[in-house]
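Chemist: There's a structure below that I have some questions on.
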Amino acid sequence: MDCLKIKDKIFTSRLITGTGKFSNYSLIKPMLENSESEMITLALRRVDFTGNTENILDYIPKTTILLPNTSGARNAQEAIKIARIARAAGCGDFIKIEIINDMKYLMPDNEETIKATEVLAKEGFIVMPYINPDLIVAKKLQLAGASAIMPLGAPIGSNRGLLTKHMIEILVENIDLPIIVDAGIGKPSHACEAMEMGVSAVLVDTAIATSEDPVAMGKAFKEAVCAGRRAYLAKLPKENKKAQASSPLTGFLRD
Ligand SMILES: CC(=O)[C@@H](O)[C@H](O)COP(=O)(O)O
């Protein structure tokens, strides 16, 4: 079976979803069922450990793997602290490192991300760093113990698709870790295109959560991810600059 492997964990779904933008948490469970997504990311700062307000964890089925993220961290030290709190709070060993200082485009700080990865991988976390795609950074993250690389397709929440397509292709060809496109995917066709390129999975939040029907959109993304993966495995034909006739240009008109 064609499964996604991150460290020693096996996933049948290649669609990771998000919790960040749901207007109503009660849509999360049916969205997960319809999309068949097995992993969901959540910002630790949105988890209410006091019991005073709504707790997002109550809306996520226990069978879904949590991917806590370090959203809100501005440097490695803050990300490390958030990751440790997430694990101590029972959110598991997965951690998506997200370190952002740039509030206009929400670009990740690649250097600080490498520092945090080194520390957290040594502590046994399954580290999935979110980066602006760069081959050298990805190589350093691999050496630092990352379990996957999560390059952005476009700025978070922009829905602009694979603006970084060619940089992601370089990662797919050269990095021996799952490459998971995270951020900017705005429609199922973007997800399908990413999968056709050979990425291992995609993470989609805004496009699902802010659609008019997040449950139906979850299914549309599931189907797009499956179609893209199938096409990748079937090996897409080469592009040509010139026309290639579909049937031979011989026959009754010329004979
Ligand atoms: C890095 C990050 O925060 C992403 O997980 C984001 O939430 C998903 O990006 P989109 O909202 O653009 O799908």
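The values are calculated or read from the model by the stated rules, or taken from the named source; none is laboratory data. Predicted model, so just to flag it, every value in this text is computed and none were measured. Ideal geometry is used to build each Cβ from the backbone, glycine not excepted, and the neighbour counts take in all protein chains shown. Ligands, DNA and RNA are excluded from the accessible area calculation, which covers all protein heavy atoms including side chains. Shrake-Rupley method; radii C 1.70, N 1.55, O 1.52, S 1.80 Å.
Chemist: How big is the Cα convex hull of segment 165-255 in projection, averaged over all directions, in nm²?
Modeler: With every direction weighted equally, the projected area is 9.1 nm².
Chemist: How large is ³J(HN,Hα), in whole Hz, for each residue of segment 200-206 in order, when computed from phi with the Karplus curve 6.51 cos²θ - 1.76 cosθ + 1.60 and θ = phi - 60°, using x for Gly and Pro?
Modeler: Residue by residue, segment 200-206 yields 7, 6, 10, 10, 10, 10, 3 Hz.
Chemist: What translational diffusion coefficient, to the nearest whole µm²/s, does segment 1-65 have by Stokes-Einstein, given a Kirkwood radius computed over alpha-carbon pairs, a temperature of 37 °C and 0.692 mPa s viscosity?
Modeler: Here the translational diffusion coefficient equals 254 µm²/s.
Chemist: Based on DSSP, what percent of beta bridges with both residues in segment 4-234 are antiparallel, to the nearest 5?
Modeler: 15 percent
Chemist: Could you tell me the calculated FRET efficiency between residue 55 and residue 12, based on Cβ-Cβ distance and R0 = 30 angstrom, to the nearest 0.05?
Modeler: 0.60
Chemist: Sorted by accessible area (1.4 Å probe), largest first, how do 62, 222 line up?
Modeler: From most exposed to least exposed: 62, 222.
Chemist: Where Rh denotes the Kirkwood radius from the mean inverse Cα pair distance, what is Rg over Rh for segment 119-163?
Modeler: So for segment 119-163, dividing Rg by the Kirkwood Rh gives 1.06.
Chemist: Most mobile of 44, 162, 57 per a Gaussian network model of the chain (Cα springs, under 10 Å)?
Modeler: With Cα springs under 10 Å in the chain, the top fluctuation among 44, 162, 57 is at 57.
Chemist: Which whole-number value in Å³ per residue fits the convex hull of the alpha carbons of segment 19-157?
Modeler: 117 Å³
Chemist: Each residue of segment 127-139 in order: what ³J(HN,Hα) in whole Hz does its phi give by Karplus 6.51 cos²θ - 1.76 cosθ + 1.60, θ = phi - 60°, with x for Gly and Pro?
Modeler: Computed from phi, the couplings for segment 127-139 are 8, 10, x, 8, 9, 7, x, 7, 4, 5, 4, 4, 5 Hz.
Chemist: Run through every distinct alpha carbon pair of the chain and return the Kirkwood hydrodynamic radius in angstroms, one decimal place. Working shown, then result.
Modeler: Working: mean 1/r = 0.0530 Å⁻¹.
For the chain, the Kirkwood estimate is 18.9 Å.
Chemist: Out of the total accessible area of segment 46-167 (probe 1.4 Å, heavy atoms of protein only), what percent is carbon and sulfur?
Modeler: Looking at segment 46-167 in its full context, I get 53 percent from C and S.
Chemist: Express the accessible area of the chain per residue in Å², computed with a 1.4 Å probe while the remaining protein chains stay in the model.
Modeler: 52 Å²
Chemist: Moving on to the next point. Got a sec to turn the phi values of segment 171-187 into Karplus ³J(HN,Hα) couplings, 6.51 cos²θ - 1.76 cosθ + 1.60 with θ = phi - 60°, whole Hz, x for Gly and Pro?
Modeler: Values, residue by residue: 5, 4, 6, 10, 10, 8, 9, x, 9, 10, 6, 10, 4, x, 6, x, 7 Hz.
Chemist: Taking amide H atoms as placed 1.01 Å from N in the peptide plane, list the residues 5 or more away in sequence, or in a different chain, whose amide H sits under 5 Å from that of residue 131.
Modeler: Amide H neighbours of residue 131: 150, 152.
Chemist: Once amide H atoms are built 1.01 Å from N in the peptide plane, which residues 5 or more positions from residue 42, or in another chain, come under 5 Å H to H?
Modeler: 67, 69
Chemist: What ranking of 158, 247, 13 comes out by heavy-atom accessible area, probe 1.4 Å, highest first?
Modeler: Sorted by accessible area, descending: 247, 158, 13.
Chemist: Take every Cα pair under 8 Å in segment 4-234 that's 6+ residues apart, average their separations, divide by the length, and report that relative contact order as a whole percent.
Modeler: Computed value for segment 4-234: 20 percent relative contact order.
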